[in-house]
Amino acid sequence: MERTSKLVLVTVLVLLLAEAHISFAATCSPVQLSPCLGAIRSSTPPSKLCCSKIKQQKPCLCQYLKNPNLKKYVNSPAAKKVARTCGVPYPRC
């Protein structure tokens, strides 16, 4: 019985994580990264809000890189530095 309980728990966790990822991915909005503009445009360190937004938008970065209007910003050395400072690895798309 214990093994069955563990399997059910793992299944529920996987489903919850999958649901969270689906709903999270549906909220891609480059406007959410606006708190990072100051850090990208200057040499000031990114704010906690900026880092939080980059972490939230991490699943969307490849989508932004495929957009010709956004690529130049997301792919800039300054944006990469801000992401690195926030502990978000640059995506390999």
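Worth a mention:
- Within a straight-line Cα-Cα reach of under 26 Å, residue 58 can be paired with the following lysines, leaving aside sequence neighbours fewer than 8 residues apart in one chain: 48, 66, 71, 72, 80, 81.
- Backbone phi angles across region 54-69, fed through the Karplus curve with coefficients 6.51, -1.76 and 1.60 (θ = phi - 60°), yield HN-Hα couplings of 5, 5, 5, 8, 3, x, 9, 4, 5, 4, 5, 5, 7, 8, x, 6 Hz in residue order; Gly and Pro are listed as x.
We did not get these values from a lab; they are worked out from the coordinates using the rules stated. Bear in mind that the values here come from a model prediction, so they are computed numbers and not experimental data.
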